[in-house]
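What follows is one structure encoded as structure tokens, with my remarks underneath.
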Amino acid sequence: MDLLKKMILDKGHVIDENILKVDSFINHQVDSKLMEEIGLEFYNYFKKVNITKVFTIESSGIAPALMTSYNLNVPMIILKKQTSSILNDDIYQTQVKSFTKNTTYNLTLSKEYISKDDQILIIDDFLANGEAAKGAIELVENAGAKVVGIGIVIEKSFQPGRKFLDDLGYDVYSLARIKSLKENKIKFVD
Ligand code: G4P
């Protein structure tokens, strides 16, 4: 997606060879025009698939997921990050480890917002190691529902997440695919 790539080049900051900071338009300040374009782009790619709900992981996935769900005319559900494990019959929960932030959280979904007939599109801002996506997939599968697509705003293709999801056979659509952040330079996959 050209607008996104331009903004990454103009406003993104390479922190080190693994981390790209995009606080000024995605993670802290949010560019709503960009989010509108992102929503349309995901809609155009996934519109032929029967999608009943868009899932995302709090918090930075919410803006692109909301714009996508708006265009698809289906609800968006935010998977919550709980610090503690809760034993409760009303929720699905799975533990996710973030390698980037070196944290662990319990991804949580109320059973009220999913049924076995749901066809889920997962949207998130970054794909790094694929742990968040893996957790989201697990919650959907626990409910007997199906993940029919995964939309990612920025994929760091040099990290293992993409291959992990490809190997599982998911249709992954990433709007910007970063090949390398080495030597303070942002290089995209051709
Ligand atoms: P994974 O899900 O693909 O395994 O990624 P990982 O756990 O390693 O990433 C954890 C958090 O770090 C996620 O945010 C993710 O968006 C963020 N992240 C990963 N790589 C980058 C990067 O290069 N730049 C930036 N800005 N963020 C990165 P989170 O903890 O879910 O926080 P939130 O921003 O959604 O609240």
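Please treat every number below as a calculation from the coordinates, not as lab data. Keep in mind that what you see is a predicted model, and the values were worked out from it rather than measured. FYI the Cβ positions are ideal-geometry reconstructions off the backbone, even for glycines, and counts take in every protein chain you see.
Using the Cβ-Cβ distance between ASP117 and GLU36 with R0 set to 30 Å, the FRET efficiency from 1/(1 + (r/R0)^6) comes to roughly 0.50. Each of HIS13 and ASP171 was given a label point 7 Å from its Cα along the Cα-to-Cβ line. The distance between the two points is 3.8 nm. Each Lys and Arg adds +1 at its Cβ and each Asp and Glu adds -1 at its Cβ; summed about the Cα centre, the stretch 2-188 shows a dipole of about 440 debye.
What 222 nm value per residue comes from the helices of the chain, counting each DSSP H run with n ≥ 4 as -39,500 (n - 2.57) and dividing by all residues, nearest 500 deg cm²/dmol?
Working: 5 runs with 55 residues, N = 190.
The helix-only estimate for the chain comes to -9000 deg cm²/dmol at 222 nm.
To make sure I understand the rule: partners must be lysines, Cα under 25 Å from the Cα of LYS111, and not fewer than 8 residues away in the same chain. Which ones qualify? In chain and number order, the partners are LYS53, LYS80, LYS81, LYS97, LYS134, LYS146. A simple packing score, the average count of other Cβ atoms within 10 Å per residue, orders the peptides 84-97, 29-42, 9-22, 143-156 as 143-156, 29-42, 9-22, 84-97, with the highest score first.
Approximating the spin labels as points 7 Å out from Cα along Cα→Cβ, the LYS97-to-VAL49 distance works out to 2.8 nm.
One quarter of the convex hull surface, Cα atoms only: what value does that give for the chain in nm²?
Details: hull surface 41.0 nm².
Spelled out: convex hull of the Cα atoms, projected over all directions, averaged, 10.3 nm².
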